[in-house]
1. For segment 25-47, give me the residue count where each residue is open to solvent by less than 80 Å² (accessible area, probe 1.4 Å), over 21 Å from Asp65 (Cβ atoms) and of a type in the set (D, E, K, R).
2. For segment 1-24, how many residues meet the condition of being loosely packed, with under 12 Cβ neighbours inside 10 Å and under 27 Å from Phe91 (Cα atoms)?
3. Going residue by residue through segment 19-32, is there one that turns out to be farther than 22 Å from Ala107 by Cα and part of a helix (DSSP H, G or I)?
4. Which numbered condition in (1) surrounded by fewer than 15 Cβ atoms within 10 Å (Cβ to Cβ); (2) assigned to a helix (DSSP H, G or I); (3) more than 10 Å from the chain's Cα centre (by Cα) is the only one that Lys50 fails?
5. Against the condition without any contact (Cβ under 8 Å) to a residue 40 or more places away in the chain and out of contact with any Pro (no Cβ under 8 Å at 6 or more places or on another chain), how does Asn10 come out, does it pass?
6. Only one of these is in a helix (DSSP H, G or I) and open to solvent by 80 Å² or more (accessible area, probe 1.4 Å): Glu89, Glu104. Name it.
7. Would you pick out the residues in segment 59-83 that are open to solvent by less than 40 Å² (accessible area, probe 1.4 Å), part of a helix (DSSP H, G or I) and not hydroxyl-bearing (Ser, Thr, Tyr)?
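The values are calculated or read from the model by the stated rules, or taken from the named source; none is laboratory data. These figures come from a predicted structure and were not determined experimentally. All Cβ positions, glycine included, derive from the backbone under ideal geometry; neighbour counts span all protein chains shown. What goes into the accessible areas is simple: the full protein's heavy atoms, side chains included, and nothing from ligands, DNA or RNA. Shrake-Rupley method; radii C 1.70, N 1.55, O 1.52, S 1.80 Å.
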Amino acid sequence: MIDRYKLNQNFQYFDKETIIEIIDLFFSEHPDRMEKMQKNIDELDFIQLKFNAHSLKGVVANFQDPVTIDLARKLDENAKNREPEGLQELFEELKSACNKLMDELSALKAEVISS
């Protein structure tokens, strides 16, 4: 769940258009990002998985969603440590958290547009 206070602090100097662009960019990149990480897991490509998980962690940090940030961090750590056990399950949890984040961001976007 998004920490609205921290999100507002993070975005306080952005205009509406910039906030919408940031959300839309996340939405547009999300499917490809998830596909790449699934491929990395399937191929046990820990180098690329670490890169992609770390990148996602940075992106979702902008939205102040501690659950999604933590899951991306764990996936990043597992890739760094080359730990194949539980990767797929962790990735499934991350996908679910990202889907919830996207729902929240859709609502946030609607709020920004209507304000």
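1. Summing the residues that are open to solvent by less than 80 Å² (accessible area, probe 1.4 Å), over 21 Å from Asp65 (Cβ atoms) and of a type in the set (D, E, K, R) in segment 25-47 gives 1.
2. Residues that pass the stated criteria total 1.
3. Checked segment 19-32: at least one residue is farther than 22 Å from Ala107 by Cα and part of a helix (DSSP H, G or I).
4. With (1) surrounded by fewer than 15 Cβ atoms within 10 Å (Cβ to Cβ); (2) assigned to a helix (DSSP H, G or I); (3) more than 10 Å from the chain's Cα centre (by Cα) applied to Lys50, the lone miss is (1).
5. For Asn10, the condition - without any contact (Cβ under 8 Å) to a residue 40 or more places away in the chain and out of contact with any Pro (no Cβ under 8 Å at 6 or more places or on another chain) - is not met.
6. Glu89
7. Result: Val59, Val60, Ala61, Leu71, Ala72, Leu75, Asp76, Asn78, Ala79.
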